[in-house]
Amino acid sequence: MGEKFYRVAGYVKLAKLWEKHSEQARKYHKKYYVDKFAADEKMILCDVYIDITGQKEIYKRSEMVRLLKDCMAGKVDCIAAQTKGYFAANTQELCYLLKFIFDLPYDIELITEDSTYRIDTIENPDDQKSALKKMADDYVELDSETYQDWKQKVLDEISTLQ
């Protein structure tokens, strides 16, 4: 069996104050991910998704919704972010996002560049992927109805994309 290749999506969530400089910010982050994966033979950058918003809820971030749609369509194997803070604004959103991603029929990996508590489900130190999945499942189990409402909002937003 050959070596595994990953179709990587770079994801960035910037604060609303970046709207004034959105073109510069988008250009910078796109170049960042192009450069980051240019020499990596196992990683093929498929797109960079950049939200510039004050929205904390994932389903209100248009680029995150587009990214999740591409994950659901099997177009993305790995989501890369400079920090896990880009993924979600709080524990609930993070757990809901992880639950959503890990429940997809496609295997989606996550990597961040955090200096401490870095996520890398490809190298999978300390069985991170299973631990993150268990954390998300346990969190959702506390109030599965709220998660189902959140998930429906995400799916509703995905359905509005062309």
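If you take just the helices (runs of 4 or more DSSP H) that sit entirely in the stretch 1-99, which of them hold at least 2 residues that are open to solvent by 60 Å² or more (accessible area, probe 1.4 Å) and without any contact (Cβ under 8 Å) to a residue 60 or more places away in the chain?
On the way: elements: 22-38, 62-72, 84-87.
Helices (runs of 4 or more DSSP H) meeting the threshold: 22-38.
One line per residue, one yes/no per condition, for (1) at pLDDT below 95; (2) touching a Cys at 6+ places or on another chain (Cβ under 7 Å); (3) closer than 22 Å to Ala15 by Cβ:
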position: Lys27; (1), (2), (3): no, no, yes
position: Lys30; (1), (2), (3): no, no, yes
position: Asp40; (1), (2), (3): yes, no, no
position: Leu45; (1), (2), (3): no, no, no
position: Thr53; (1), (2), (3): yes, no, yes
position: Glu57; (1), (2), (3): yes, no, yes
position: Glu63; (1), (2), (3): no, no, yes
position: Leu67; (1), (2), (3): no, no, yes
position: Met72; (1), (2), (3): no, no, no
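Please state which of the following conditions Tyr139 fails to meet, knowing it meets all the rest: (1) out of contact with any Cys (no Cβ under 6 Å at 6 or more places or on another chain); (2) open to solvent by 60 Å² or more (accessible area, probe 1.4 Å); (3) in a helix (DSSP H, G or I).
(1)
Is it true that some residue in the stretch 115-133 is within 22 Å of Arg61 (Cβ to Cβ) and surrounded by fewer than 18 Cβ atoms within 10 Å (Cβ to Cβ)?
Of the stretch 115-133, the ones within 22 Å of Arg61 (Cβ to Cβ) are 119, 121, 132.
Next cut, surrounded by fewer than 18 Cβ atoms within 10 Å (Cβ to Cβ) only: none.
No, the stretch 115-133 contains no residue that is within 22 Å of Arg61 (Cβ to Cβ) and surrounded by fewer than 18 Cβ atoms within 10 Å (Cβ to Cβ).
Lys129 - would you say it is at pLDDT 95 or above and among the basic types (Lys, Arg)? Give the steps one after another, and end with the answer.
Details: at pLDDT 95 or above: no; among the basic types (Lys, Arg): yes.
For Lys129, the condition - at pLDDT 95 or above and among the basic types (Lys, Arg) - is not met.
Within the stretch 103-136, count every residue that is in a helix (DSSP H, G or I) and over 17 Å from Asn90 (Cα atoms). First the steps, then the outcome.
Keep residues of the stretch 103-136 that are in a helix (DSSP H, G or I), which gives 125-136.
If we keep only those that are over 17 Å from Asn90 (Cα atoms) too, we end up with 125-131, 134.
Number of matching residues: 8.
Can you name the number of the only condition in (1) farther than 30 Å from Lys36 by Cα; (2) of a type in the set (Lys, Arg); (3) open to solvent by 90 Å² or more (accessible area, probe 1.4 Å) that Lys151 fails?
Status for Lys151: all satisfied but (3).
Of all residues being acidic (Asp, Glu) and under 14 Å from the mean Cα position of the chain (by Cα) in the stretch 104-114, which is least open to solvent (accessible area, probe 1.4 Å)? Just the residue, please.
Of the residues in the stretch 104-114, the ones acidic (Asp, Glu) are 107, 109, 113-114.
With the extra rule that they be under 14 Å from the mean Cα position of the chain (by Cα), the set shrinks to 107, 109, 113.
On the way: Asp107: 100, Glu109: 16, Glu113: 73 Å².
If we take residues in the stretch 104-114 being acidic (Asp, Glu) and under 14 Å from the mean Cα position of the chain (by Cα), then Glu109 is least open to solvent (accessible area, probe 1.4 Å).
The values are calculated or read from the model by the stated rules, or taken from the named source; none is laboratory data. Everything numeric here is computed off the predicted structure, so don't read it as measured data. Every residue, glycine as well, gets a Cβ built from its backbone with ideal geometry; the counts of neighbours run over all protein chains shown. The accessibility values were calculated without ligands, DNA or RNA, using every heavy atom of the protein model including side chains. Shrake-Rupley method; radii C 1.70, N 1.55, O 1.52, S 1.80 Å.
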